[in-house]
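Report on the structure given below.
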Amino acid sequence: LFPYTTLFRSGLSRAVREAFVRLHEQGLIYRGAYIVNWCPDCQTAISDLEVIHEEQQGKLYTIPYGIVGSEESLLVATTRPETMFGDVAIAVHPIDERYKHLQGGSVRVPFIGREIPIVADPWVSPEFGTGAVKITPAHDPNDYAVGQRHKLQSINVMDETAHLNEVAGPFAGLDRFEARKRIVAELEDQPGYSVKEHSHAVGKCDRSKTIVEPRLSTQWFIKIQPLAEKAIAAVDEGYIRFTPAQYRKTYDEWMRNIHDWCISRQLWWGHRIPAWHCAACDKVTVARETPETCDHCKSQAITQETDVLDTWFSSGLLPMSVFGWPDQTPDLAAFYPTELLVTGFDILFFWVARMIMFGCHFMLDVPMPDGSARTLKDAVPFREVYIHALVRDAERQKMSKTKGNVIDPIEIVKRYGTDAVRFTLATMASPGTDIAFSEARTEGYRAFANKIWNAARFLFMQRERLFPEGGFIADSIDLATVSHNQAVLLSDPANPEAPKQPETADQSRLEDRWILSRLYATANAVNSALEAYRFDEAAHAIYQFFWGDLCDWYLELVKLRIESSDSNNSDDEQDGLLAFLLFNGVFDSSLRLLSPFMPFITEEIWHAFHAGRPPVRSIALMPYPVSAKKDLDEESEAQMALLQSLIVAVRAARKDAGVPERESIPILLRTEDPSVFQQNLATVQRLARVTTLEIVPQLPEGLAHRAAPTFDVAVVYEKTLDAKAERERLSKELAKLEKEKENSDRQLGNEAFLAKAPADAFDDLRR
């Protein structure tokens, strides 16, 4: 493994160097001075995407700058007075009448006295502050643009740790925020100085949470626009689809307003930039292999760039480099582009957009496996992007150590089990909404896992009872020969002496026809939901089928059939029933439906199901259940729904009448079509504890009854009462109520109580 891992990493590093050199040769990588986001804590440049903007309450300082040749001062508004030592101009709007007479003049920078010009620029907003703003090109991107237009110099006033340098005069060596306090204290007594509260967005480093300092720095950049155009076209033309669709708009807005990408970082780790600086001619050599001399003057006095590449540069190449790019490998030909990327919205721009840009740029030069030219459709790194939700706490708050609402997933898994946690997240993974994680729901799905386990134990116990010598062990399956319509019901008994399972359900039994149809319908629903990335709907469909249809109804009917020992239920019938249930797909297919959601318990049960001799190594390698529309039995489902509604109604009516649970009683039924109930009378008798079912034109008065759209049902039950005991019980209840009434009347007659009692307490007493 070690040599392979080393080779793998070496190949990825070569891909990163190749990408950098190609982009440089194409004129898309350049090195220059520009305003970057500088983290004083990490001491490196970071991209715009690594800056978190937070709205904070700050202050707006109005500082007097003395006008050269006048006793007056020009009042300038700023949120960062500590940068004034890097001021190179004061800018006003060209048509601002307040300052037209000052345009072309000069002012002095406070504390150091350097004279700087007053320039007119339309970028200035007359409504902000005093309408006059300081221009500090080395510490603000907008100021940098103004400085470029007016050919102003840039003066850096801070070092890498955000401490003021020698340019700051008496404040040199101070931290930027400490310097701000000292400067403000010195300015407080000057005429015209003022300060007011001001709300504004503050940028912070995503890693260290330190306030970012815009800083003029020499860095490496990618001209991003040519790459962005192809990435935009790939989505516009439908070659890449986002789910949920709302992220398509987010992607478009960012890509159409993208800036050149600063790809150099001042870190100790990362891919070192393949560029060498020459001490003799001061030029740069970019090469795939380490050069011995400068490409320009042939000097040997060259040293490699110490900066490393932004980690998202190398990560953006992953869909290609993992398959061997820049070489045209068999893996690249077979697997690129991939089908689906599952990721979080927080790295939509960090990673997803950059993979799309790099794939659409570099892979257009790689021919298709048949030698034809590759088009944009096949240059994309993936066809689908599924953006999953963010897991929040039960109140939908983002988890934070500061808030103390962080949930440790390891502890949750230990408490409830991995399968229960996975299933909880799946049921709550509705596209476009975050997951409010609930331990109560997780506990409920742990009970679901127990339900699955207990159902399996019941079936295995019956199998061992009926077939102590073994049998019903599936032989190996040739998955290549499994057709679409065979994927639900797979069976191939290895033991020729084992009882032969029926090809289909027992057509004489409604529940057998019904459970197969429900299985087919559930397989369809789950597959449709998964295709639409509705994992919540898929999980709910499986849950309802396994717990409701299979366990609560079908297995209960199976128990009655297996446990019956009368002459009408032969051993052969029991054998056939188990064969159908276990191997004609009902239970096996249920496990395969559950497998992606609960992989551990289903794997364990599946191997036990096959007695440790499964047809393939893992349930995950089996075909996922699918079915055709022709497999559905709508008539059987409608009939079973009627039967279920009757059983539920009888159970409710029994409870209303106070019938003891183990006591069987007759029922009266009013319905236009009693055929389904009569044909399945045994099922009603066993599950609802009914002795006889009588069809009547009208239900008599006085019986506990329930109504449904197609029938009315009543239970016939006469409860024998002990008159003496009942009289004593009612007498005690009456005495209790009379005492409570006396207490209430006494309080209502107490004026002092009524004056102090809350209104709701008074109302309760009157009732």
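Net charge of the neighbourhood of residue 85, taken over other residues with C-beta under 15 Å away and scored Lys/Arg +1, Asp/Glu -1, is -3.
Which links in 377/629; 377/630; 134/196; 223/377; 655/736; 414/451 stretch past 25 Å when you go from one Cα to the other? Over 25 Å Cα-Cα: 377/629; 377/630; 655/736. Couplings 3J(HN,Hα) of the range 597-606, computed from phi: 8, 10, x, 7, 5, 5, 5, 5, 5, 4 Hz, in residue order, whole Hz [Karplus 6.51 cos²θ - 1.76 cosθ + 1.60, θ = phi - 60°; x for Gly and Pro]. Helix 246-255 and the long axis of the chain differ in direction by around 10°, with both axes built from C-alpha atoms. Taking 13 Å as the straight-line reach from the Cα of residue 181, the aspartates and glutamates in range (excluding those fewer than 8 positions away in the same chain) are 82. The trypsin sites (Lys or Arg not before Pro) of the range 27-105 that DSSP puts in a loop, and whose beta carbon has at most 13 other beta carbons within 10 Å, are 98.
For the chain, relative contact order (Cα pairs under 8 Å, six or more residues apart, normalised by length) works out to 9 percent.
Whole-Hz Karplus values for the range 171-177 come out as 9, 4, x, 7, 4, 4, 7 Hz, taken residue by residue from phi with 6.51 cos²θ - 1.76 cosθ + 1.60 and θ = phi - 60°; glycine and proline positions read x.
The amide H of residue 275, built 1.01 Å from its N in the peptide plane, has 305 as neighbours under 5 Å, considering only residues 5 or more places off or on other chains.
Karplus-derived 3J(HN,Hα) values for the range 654-670, using 6.51 cos²θ - 1.76 cosθ + 1.60 with θ = phi - 60°, are 4, 5, 4, 7, x, 6, x, 4, 8, 8, 9, 9, x, 10, 10, 10, 10 Hz; glycine and proline are entered as x.
Please report the net charge: other residues with Cβ closer than 9 Å to the Cβ of residue 516, K and R +1, D and E -1.
On the way: positive: 513, 518; negative: 512, 631, 633.
Within the 9 Å Cβ shell, the charges total -1.
Separation of the range 76-109 from the range 597-621 is 75 Å, based on Cα centroids.
Stokes-Einstein diffusion of the range 608-740 at 37 °C, 0.692 mPa s viscosity, Kirkwood radius from Cα pairs, rounded to a whole number: 174 µm²/s.
Counted by Cβ distance under 12 Å from residue 677, the other residues give a net charge of -2, where Lys and Arg count +1 and Asp and Glu count -1. One decimal place: the segment residue 114-residue 560 gains 150.7 nm when fully extended, by the rule 0.36 nm per residue minus the C-alpha distance. Annotation: lysines with alpha-carbon distance below 21 angstrom to residue 741 (same-chain offsets under eight excluded): 732, 756. Residues whose amide H lies under 5 Å from that of residue 73, counting only those 5 or more places away or on a different chain, are 67; hydrogens are built 1.01 Å from N in the peptide plane. Straight-line cross-link partners of residue 298 among the lysines, defined as a Cα under 21 Å from its Cα and at least 8 positions apart when in the same chain: 283. Pair-distance distribution P(r) for the range 220-377, from all Cα-Cα distances in 5 Å bins starting at 0: 1, 8, 15, 17, 17, 15, 12, 8, 5, 2, 1, 0 percent. In loop segments of the range 130-199 as defined by DSSP, the trypsin sites (Lys or Arg not before Pro) with at most 16 further C-beta atoms inside 10 Å of their C-beta are 151.
Rolling a 1.4 angstrom probe over the protein heavy atoms with all chains in place gives the range 355-415 an accessible area of 54 Å² per residue.
In the chain, taking the dipole from charged Cβ atoms about the Cα centre, the farthest positive-side position among 146, 254, 591 is held by 146. Taking each residue as 0.36 nm, the span from residue 434 to residue 737 lengthens on full extension beyond its C-alpha to C-alpha distance by 103.9 nm. Shape summary: the range 317-411 maps onto an equivalent ellipsoid whose semi-axes, from the alpha-carbon gyration tensor, are 38, 12, 11 Å in decreasing order. Relative contact order, whole percent, for the range 138-254 stands at 19, derived from Cα pairs under 8 Å and 6 or more residues apart. Applying both filters, DSSP loop and at most 14 other Cβ atoms within 10 Å, to the GluC sites (Glu not before Pro) of the range 691-728 gives 701, 718.
The distance linking the range 335-366 with the range 402-440 is 29 Å (Cα centroid to Cα centroid, whole angstrom). Dipole size of the range 26-86 about its Cα centre, with +1 on Lys/Arg Cβ and -1 on Asp/Glu Cβ: approximately 200 debye, rounded to the nearest 20. The Kirkwood hydrodynamic radius of the range 109-227, based on inverse pair distances between different Cα atoms, is 16.9 Å. Here the ratio of the Cα radius of gyration of the chain to 2.2 N^0.38 Å is 1.42.
Leaving ligands, DNA and RNA out of it, report the carbon-plus-sulfur percent of the accessible area of the range 152-220 at a 1.4 Å probe. If you can, show how the numbers build up before the last one.
On the way: 1720 of 3560 Å².
Carbon and sulfur atoms account for 48 percent of the accessible area of the range 152-220.
Less than 5 angstrom separates the built amide H of residue 158 from those of 165, all sequence-distant by 5 or more or on a different chain.
The values are calculated or read from the model by the stated rules, or taken from the named source; none is laboratory data. Please read all numbers here as calculations on a predicted model, not as lab measurements. Here Cβ is always computed from backbone atoms with ideal geometry, including for glycine, and neighbour counts include all displayed protein chains. Calculation scope for accessible area: heavy atoms of the full protein, side chains included, ligands and nucleic acids excluded. Shrake-Rupley method; radii C 1.70, N 1.55, O 1.52, S 1.80 Å.
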